[in-house]
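Reading through the structure tokens given below for one structure.
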Amino acid sequence: MANHNNKDVKYVGDSRVPDRRVPNIPKDYSEFPGKTEAFWPNFLLREWMVGAVVLVAFLVLTVAHEPPLEIMADPTDTGYYPVPDWYFLFLFQLLKYSYLSGPYTVLGTVVVPGLAFGALMLAPWLDRGPERRPTRRPVATGLMLLAIFSIFYLTYAAAEDHDWSQNEQYAAKNQPEVEIDTQSDGYQVYASQSCIDCHGEQLDGLGVSGPAIYNAGEDYTVEEIQDIALNGIGTMPAGMFEGSDEELELLAEWLASLAEEE
């Protein structure tokens, strides 16, 4: 305020103006219980933990149950009926419906999957409500439940509709010719042990749990076969062979002599 009795002008500071700038720090998340949380480390750490558990479970599953292998692919043979891996079966099933196949293949391969995955990607923008309970977010929850139900149903329908024995019969018909001497001492040891229960009478692995070993000599030596028979490999546990050392040697030498005929 100016003093009219004095030529000097004096100014009085305004108390409403802070003398120092206060940083613009948002309120602590504890003031909003159940509404939001810190992205780091709360949310991100939890997502990493869930992802790690799923990854470990998937790795254990692949080790415990190795995927079955069939004959080598032959692009010139049209008698084989190909089927995609299990995680694409639901998309494969779409192409069996009349309005998603034939002249409408583009709908089944591009349009419908594109709309489905696009809806899932746009779900956060389609439902921008602050609520976190699934019952109060009908759009996002509905899209997710519809996607899960569709994937499970289409995968189940594809597995039920496909005649899986076709591939097995095809593999048996196109099995490479390998001469199996069922009268040899090695085969007698093979038949007397649990080997025949897992690899089949013709060592082709068809209809049983073990892989084909009709050409074991191309992949393993005598010593390696002996080690596998005693200690196991992959899903084959140790201790499956219960014969003597002489029988083990006969079996290993016989299997090592087997190879696919050219």
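Tabulated data
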quantity: Long-range neighbours under 9 Å by Cβ, at least six apart or interchain, first residue at pLDDT 95 or above within region 49-62, second part of a helix (DSSP H, G or I) and surrounded by fewer than 10 Cβ atoms within 10 Å (Cβ to Cβ); calculated: none
quantity: Residues of region 98-125 that turn out to be free of Cβ contacts under 8 Å to residues at least 24 places away in the same chain and surrounded by 14 or more Cβ atoms within 10 Å (Cβ to Cβ), as a count; calculated: 9
quantity: In region 235-262, residue modelled with the lowest pLDDT [restricted to those that are more than 13 Å from V222 (Cα to Cα) and hydroxyl-bearing (S, T, Y)]; calculated: T235
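Conditions tested, residue by residue: (1) at pLDDT 80 or above; (2) exposed (fewer than 14 other Cβ atoms within 10 Å of the Cβ); (3) in a loop (DSSP other than H, G, I, E, B).
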{"residue": "A158", "(1), (2), (3)": "yes, no, no"}
{"residue": "Q166", "(1), (2), (3)": "no, yes, no"}
{"residue": "A171", "(1), (2), (3)": "no, no, no"}
{"residue": "Q175", "(1), (2), (3)": "no, no, yes"}
{"residue": "D181", "(1), (2), (3)": "no, yes, yes"}
{"residue": "G186", "(1), (2), (3)": "yes, no, no"}
{"residue": "Q202", "(1), (2), (3)": "no, no, yes"}
{"residue": "G207", "(1), (2), (3)": "no, yes, yes"}
{"residue": "G210", "(1), (2), (3)": "no, no, yes"}
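The values are calculated or read from the model by the stated rules, or taken from the named source; none is laboratory data. Because the structure is a prediction, the values reported are computed rather than measured. So basically every Cβ, Gly included, is an ideal-geometry build from the backbone, and we count neighbours across all protein chains shown.
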